[in-house]
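Report on one structure; see the data block that follows.
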């Protein structure tokens, strides 16, 4: 039976993980890798963006993704006043990721989740109860730069560490 795969990227979480691992992600390579593993039903990149009138280097990436086989799920970041009296920017995409995963759950056999956010442990458990194999990709280390929740890592059917699988994910500079 051919695997029917969905790839979900938690953009801000993966950005932090790839920085901790010490390299940039090649999204064309990521897509190609999982196309070789089965039939990719969905490849989605989830991120919060600043308002359109605010310049952001993230727009270059999101434009490239849209033209190269990825679905982009975005929302505008929100400013809020923290308890400490300091304005903070918030753009959590957890609900969007969970809703889309559950809406696809009857059409996929595998979910690849690029995130280390422990809030997704319950989502993974629910998907596993439906027979879906979940691979989590993030950065693991024993130091302060560890980017994955231990609960999430343990719940996943498969955990891939970015650094140990660098050849699959790394963006190489073109000469």
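Taking every DSSP beta bridge that has both ends in region 3-136, the antiparallel portion is near 15%. Relative protection proxy for 62-68, 12-18, from highest mean packing down: 12-18, 62-68 (other beta-carbon atoms within 10 angstrom). Relative protection proxy for 46-56, 101-111, from highest mean packing down: 101-111, 46-56 (other beta-carbon atoms within 10 angstrom). For the chain, the spread of Cα coordinates along the three principal axes comes to 53, 43, 34 Å, biggest extent given first. Mean residue ellipticity at 222 nm, helices only, the chain: -10000 deg cm²/dmol; runs of at least 4 DSSP H residues each add -39,500 (n - 2.57), and the sum is divided by the number of residues. Using a cutoff of 8 angstrom between alpha carbon atoms and counting only pairs six or more residues apart, the relative contact order for the chain works out to 29 percent.
With neighbour counts taken as other beta-carbon atoms within 10 Å, the residues 130, 3 rank, fewest first, as 130, 3. Between residue 76 and residue 52, the modelled label-to-label distance comes to 1.0 nm, taking each label 7 Å out from Cα in the direction of the beta carbon. Between residue 168 and residue 68, residue separation times 0.36 nm minus the direct Cα-Cα distance comes to 34.2 nm.
We did not get these values from a lab; they are worked out from the coordinates using the rules stated. Here the structure is a predicted model, which means the values were calculated and not measured. Here Cβ is always computed from backbone atoms with ideal geometry, including for glycine, and neighbour counts include all displayed protein chains.
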